[in-house]
Amino acid sequence: MTQSHRTIIHSDDAPAAIGTYSQAVRVDQMVYLSGQIPLVASSMTMISEDFAEQTHQVFRNLRAVCQAAGGDLKHIVKLNIFMTDLSNFSTVNTIMAEYFSEPYPARAALGVNQLPKESQVEMDAIACID
């Protein structure tokens with residue numbers, strides 16, 4: 001049996017971790033991306049209070065971490081989306097279609113009471129990168 005190799009992934013183009021976690025961890029071909037909220041990496045501030053702008057920023061943050069791991073958003077096989085207001089579900093679908101094409105990753109979209117830094121949306125993901 002071969003032993004798995006674990007690598008910590010970091011991108012300066014995505015927000016620094018605001019807790020005791022890494023932006024992502026790669027084990028062999030699998031990359032486990034921590035939750036991203038709509039912080040702008042250079043300032044560590046929320047992009048805006050607009051839900052659509054927050055969603056775009058989260059996808060940009062996820063892309064930066066994927067790229068640091070040697071891939072891109074197209075390598076995401078599982079995406080989890082957390083929203084404080086599920087009435088934004090159709091907005092998420094519309095914006096997601098700008099970043100992904102078929103075949104889409106597996107996905108869950110959940111309504112939650114609260115997210116860090118009063119964000120309206122957070123996403124985490126699993127990517128498979130050769």
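Just so it is clear, none of the values below were taken in a lab; they were calculated from the coordinates. As the structure is a prediction and not an experimental result, all values here were calculated from the model.
Based on Cα contacts under 8 Å between residues 6+ apart, the stretch 12-130 shows a relative contact order of 35 percent. Return the label of the correct value of Cα Rg over 2.2 N^0.38 Å, as calculated from the structure shown, out of [x] 1.06; [y] 1.16; [z] 1.02. Recomputing Cα Rg over 2.2 N^0.38 Å here gives the entry labelled [z]. Seen against the Cα atoms of the chain and their longest principal axis, helix 89-99 is set at about 50 degrees.
Using just its DSSP H runs of length 4 or more, each adding -39500 (n - 2.57), the chain gives a mean residue ellipticity at 222 nm of -7000 deg cm²/dmol after division by all residues.
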